[in-house]
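Q: What follows is a structure written as structure tokens; I'll ask about it next.
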Amino acid sequence: MGDPLGGAIRLLVGPNDPSGPRRPIHLENAWRGACTADRMGARDLLLAVREDAKEWASGKSPWLRAMLLAYLLYAGLAHLWSGLGGEYRSWFAGITLAFHELGHVIFSGLGKTWMLLGGNILQLVIPTAAAVYLLLRQHDWFGVSVCGGWLATSLFELASYIDDANRLNLPLVGLGEDVLHDWETLLTDAHLLNHAQTLARATQGLGIAVFAGSLALGMALLSVMWRTRRNQAIVHM
Ligand SMILES: [Zn+2]
């Protein structure tokens, strides 16, 4: 049988090419080890992933990344502060809305329910796919943290939209005269309109978890960058 997961990872990260961009060697080994050797458990996999992230961050410049992370912290807190249905919009809001509308178009051939769901699905899939791409193809751990921040803001926007199903306060964006409110229509059709707030809170909770995880990853990477650069400076003195 060999190594199906390792093969899949190799497919994602591309063939061995020494002249190509630096690839996540440790990650690949960790995954392969996890599926071939009994001794390699989840803990070893986590340790290997952590080592890979540390090695990636070593010696990199933290300054611009720190400013970006500070913005992510601000954007996440501003979303939470303004609450469900709040007016705050992050830098990601425009691109999130563009993918939301594109999702409606892509799913439009599958009937009304999937068309309405499609926009909401795509606005979560794109930041997730961007994080996976940055990790597996570009080996950019900090990019994963930024995409996680984007995904969190997208979840906060989605939570506001779901919560609005009963209030209908948010301005609707769409083509044509009769723009449907995605969540009023979906939840009414499913006889779940009175559960809108519960669903919105659960989505917001998931957003908080993604926000906290992304921020923790970003801060851990920055701390490695600061420590290793300070050590390099001391060595060169
Ligand atoms: Zn929509």
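The values are calculated or read from the model by the stated rules, or taken from the named source; none is laboratory data. Since the structure is predicted, the reported quantities are computational estimates derived from the model, not experimental observations. Here the Cβ is made from the backbone with ideal geometry for all residues, glycine too, and neighbour counts use every protein chain on show.
Q: Of the residues Trp114, Trp150, which is at pLDDT 95 or above, away from the ligand (no atom under 15 Å from the Cβ) and surrounded by 14 or more Cβ atoms within 10 Å (Cβ to Cβ)?
A: Answer to the check: Trp150.
Q: To continue, here is another question. Only one residue in Leu221, Leu217, Leu180 is in contact (Cβ under 8 Å) with a residue 12 or more places away in the chain, within 15 Å of the ligand (Cβ to nearest atom) and either among the aliphatic types (A, V, I, L, M) or farther than 23 Å from Gly94 by Cα (or both). Which one?
A: Answer to the check: Leu180.
Q: Six or more apart or on different chains, Cβ atoms under 7 Å: show the pairs whose first residue is in the range 120-138 and closer than 17 Å to Leu97 by Cβ and whose second is among the β-branched types (Val, Ile, Thr).
A: Leu122/Ile106; Gln123/Thr96
Q: May I ask you to list pairs of residues, at least six apart or on different chains, whose Cβ atoms are under 9 Å apart, with the first in the range 151-175 being among the polar types (S, T, N, Q) and the second being within 12 Å of the ligand (Cβ to nearest atom) and not in a helix (DSSP H, G or I)?
A: Matching pairs, first to second residue: Ser160/Leu170.
Q: Separate question: How many residues does the range 67-99 hold that are within 12 Å of the ligand (Cβ to nearest atom) and under 15 Å from the mean Cα position of the chain (by Cα)?
A: Total meeting the criteria: 2.
Q: Could you tell me which residue of the range 163-177 is modelled with the lowest pLDDT, considering only residues that are away from the ligand (no atom under 13 Å from the Cβ) and of a type outside the set (S, T, N, Q)?
A: Glu177
Q: Also, I was wondering about something else. In this structure, is Ala159 under 18 Å from Leu215 (Cα atoms), assigned to a helix (DSSP H, G or I) and away from the ligand (no atom under 12 Å from the Cβ)?
A: In short, no.
Q: Out of (1) within 17 Å of Leu84 (Cα to Cα); (2) within 15 Å of the ligand (Cβ to nearest atom), what's the single condition that is false for Leu187?
A: Of everything listed in (1) within 17 Å of Leu84 (Cα to Cα); (2) within 15 Å of the ligand (Cβ to nearest atom), Leu187 misses just condition (1).
Q: Among the candidates Ala209, Ala216, Ala196, which residue alone is under 20 Å from Leu117 (Cα atoms) and modelled with pLDDT of 95 or more?
A: One residue alone meets the criteria, Ala196.
Q: On to the next question. Scan the range 160-181 and give yes if some residue there is under 28 Å from Arg50 (Cα atoms) and touching a Ser or Thr at 6+ places or on another chain (Cβ under 8 Å), otherwise no.
A: No: the range 160-181 contains no residue that is under 28 Å from Arg50 (Cα atoms) and touching a Ser or Thr at 6+ places or on another chain (Cβ under 8 Å).
Q: If you don't mind, there's one more thing I want to ask. Mind listing just one residue for me: the one in the range 102-111 that is surrounded by 15 or more Cβ atoms within 10 Å (Cβ to Cβ) and within 11 Å of the ligand (Cβ to nearest atom) and, of those, nearest to Val179 (Cα to Cα)?
A: His104
Q: Okay, moving on. Determine, yes or no, whether Gly213 is surrounded by 22 or more Cβ atoms within 10 Å (Cβ to Cβ) and closer than 30 Å to Glu55 by Cβ.
A: Here the answer is no, as Gly213 does not meet what is asked.
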